[in-house]
DNA sequence: CGGCTGCTTGAACTTGTTCAACAGCGGTGG
DNA sequence: CCACCGCTGTTGAACAAGTTCAAGCAGCCG
């Protein structure tokens with residue numbers, strides 16, 4: 001069984017077979033499926049569990065009173081929603097599915113117990129929380145400083161790298177199951193301008209984007225256009241001091 | 001002694017005298033002072049301690065290759081820098097002082113030991129980390145969706161609420177020791193436009209901003225202009241179930 | 001006084017928005 | 001089987017918001 005979360009955590013540190021089994025056990029807990037556009041959690045709800053995306057894409061978003069919407073994060077397979085939400089009384093934003101999504105609802109106590117008995121896993125989960133914070137910060141740079149072209153290119157780079165970390169790419173191709181309107185809400189641009197920007201990237205022979213499939217024709221060039229530096233994703237086996245002893 | 005961090009954490013939960021003493025002990029560790037514009041940590045550094053701002057303002061920022069700069073967060077007295085930075089190999093951004101700053105360099109082990117012996121404190125520190133994540137998300141909304149006027153008004157509201165939580169306001173007045181250029185870097189606008197926007201807020205009798213002092217003339221009106229909803233700051237004594245038993 | 005930094009103003013310019021219309025495609029029901 | 005619908009993507013043209021450049025002013029410090 002190939003679990004995206006495990007695949008992702010192993011970008012950071014090596015896990016023992018025992019570690020992996022413990023993680024797998026978590027994800028067989030309560031599996032749920034929902035359709036595109038359905039909310040997983042709504043602003044104002046009291047959260048009571050941790051959600052782990054198993055397949056499909058979701059997003060965090062906020063809506064202003066007048067209807068403007070900002071997508072604050074894309075949630076991909078292997079992503080955890082709010083590891084320690086138990087501390088806060090209510091959600092200050094909503095999470096919804098963009099495609100059909102299957103996710104595991106993980107009991108908080110079970111997760112806490114696992115953390116106690118598997119220090120490497122704990123550390124890896126910390127890593128995943130800190131990376132999602134680093135991503136959130138990079139989005140501020142994206143929204144605040146980059147031009148439309150840089151912004152879209154950066155978003156595509158980030159999504160590609162994150163999907164690759166969970167094994168959801170083949171060569172330079174991956175799924176991109178979001179509408180241009182959703183990209184617009186994530187990049188702070190109008191849908192019309194996202195459209196024109198994508199065409200510009202196409203015309204520069206940087207990407208092919210048809211249907212729901214993205215192919216990057218020249219990754220280095222796309223990174224250059226985007227001013228993309230993957231250091232904020234903290235991949236590359238950082239937790240070297242914490243490798244599993246078992247093979 | 002009035003420590004901003006304690007004051008802030010008590011917005012969330014009540015702490016016992018014992019809890020507070022333990023926190024105070026941390027902050028007498030190594031106290032450092034630095035001047036405006038000095039870096040506390042630079043991108044690429046390997047972080048080795050947690051920093052707690054005692055007085056003065058700092059900021060997190062990133063600089064793009066061509067010089068564009070984004071301020072991703074303002075660090076106010078009582079703010080902790082990267083609670084669990086121990087997991088990551090190197091900083092993906094820099095932190096610098098905006099004014100003269102005094103901060104405590106807290107030893108990681110000491111903090112870990114405190115966490116074990118004081119569960120309420122642990123929970124309160126969790127709350128502070130989650131709030132800073134929520135703030136980071138709200139900044140995405142600010143940068144992505146709000147107009148210049150809304151953006152500046154929102155930033156002022158946020159800073160005012162955060163300063164009030166650490167007791168650094170008197171009525172509707174507080175310090176605002178940042179230049180318009182720094183506000184520009186934080187709001188993704190040009191310095192010129194920040195200037196005009198501030199004048200607009202002044203002309204609408206919403207604020208007085210002279211020297212380094214901000215006075216809000218009509219907080220409700222400013223909140224309305226900003227589309228500001230303080231829920232993301234998670235104040236209001238949420239950790240009710242975790243109040244200290246001692247008086 | 002001189003020089004620096006930060007604030008203010010005007011005017012031309014650029015980037016991205018808005019509005020409106022249309023094309024393509026898949027699904028549905030008559 | 002075809003007509004129709006709704007959603008997504010595409011295009012054009014007018015428009016608005018914010019940027020850039022350039023200059024002047026104010027306050028502060030040595």
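The values are calculated or read from the model by the stated rules, or taken from the named source; none is laboratory data. This one's a predicted model, so the numbers in the text were calculated from it and none came from an experiment. With ideal geometry, Cβ positions are generated from the backbone for all residues, glycine too; neighbour counts draw on all protein chains shown.
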When restricted to B:205, B:185, the only residue within 13 Å of DNA strand D (Cβ to nearest atom) and at pLDDT 95 or above is B:185
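Looking only at the range A:126-144, decide whether some residue is facing chain B (nearest Cβ under 9 Å), closer than 29 Å to residue A:220 by Cα, touching a residue at least 40 places away in the same chain (Cβ under 8 Å) and more than 15 Å from the chain's Cα centre (by Cα).
Yes: one or more hits.
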Of the criteria (1) in contact (Cβ under 8 Å) with a residue 60 or more places away in the chain; (2) over 16 Å from residue B:217 (Cα atoms); (3) away from DNA strand D (no atom under 12 Å from the Cβ); (4) out of contact with any strand residue (DSSP E or B) (no Cβ under 7 Å at 6 or more places or on another chain), which one residue B:150 fails:
(3)
For residue A:162, work out the one condition from (1) within 12 Å of DNA strand C (Cβ to nearest atom); (2) in contact (Cβ under 8 Å) with a residue 12 or more places away in the chain; (3) part of a helix (DSSP H, G or I) it doesn't fulfil.
(1)
Restricting to strands (runs of 3 or more DSSP E) lying wholly in the range A:1-71: which have 3 or more residues that are surrounded by 14 or more Cβ atoms within 10 Å (Cβ to Cβ)?
A:39-41, A:50-55, A:58-63
Pick from the range A:86-109 the residues that are assigned to a helix (DSSP H, G or I) and surrounded by 15 or more Cβ atoms within 10 Å (Cβ to Cβ): which of them is farthest from the other protein chains (Cβ to nearest Cβ)?
A:108
Within the group A:115, A:104, which residue is in contact with a helix residue (DSSP H, G or I) (Cβ under 8 Å, 6 or more places away or on another chain) and free of Cβ contacts under 8 Å to residues at least 12 places away in the same chain?
A:115
Look through A:199, A:180 and report the one residue that is farther than 30 Å from residue B:60 by Cα, touching a helix residue (DSSP H, G or I) at 6+ places or on another chain (Cβ under 8 Å) and within 14 Å of DNA strand C (Cβ to nearest atom).
A:180
Being in contact (Cβ under 8 Å) with a residue 24 or more places away in the chain and more than 10 Å from chain A (Cβ to nearest Cβ) is the filter here; which residues of the range B:57-85 pass it?
B:57, B:58, B:59, B:74, B:76, B:77, B:78, B:79, B:80, B:81
Residue among A:176, A:130, A:163, A:125 that is surrounded by 18 or more Cβ atoms within 10 Å (Cβ to Cβ) and within 16 Å of DNA strand D (Cβ to nearest atom)
A:176
Are any of the residues in the range B:215-227 more than 16 Å from DNA strand D (Cβ to nearest atom), touching a residue at least 60 places away in the same chain (Cβ under 8 Å) and within 14 Å of chain A (Cβ to nearest Cβ)?
yes
Which members of the range B:181-197 meet the condition of being surrounded by fewer than 20 Cβ atoms within 10 Å (Cβ to Cβ) and either over 17 Å from the mean Cα position of the chain (by Cα) or away from chain A (no Cβ under 14 Å) (or both)?
B:181, B:190, B:191, B:192, B:193, B:195, B:196
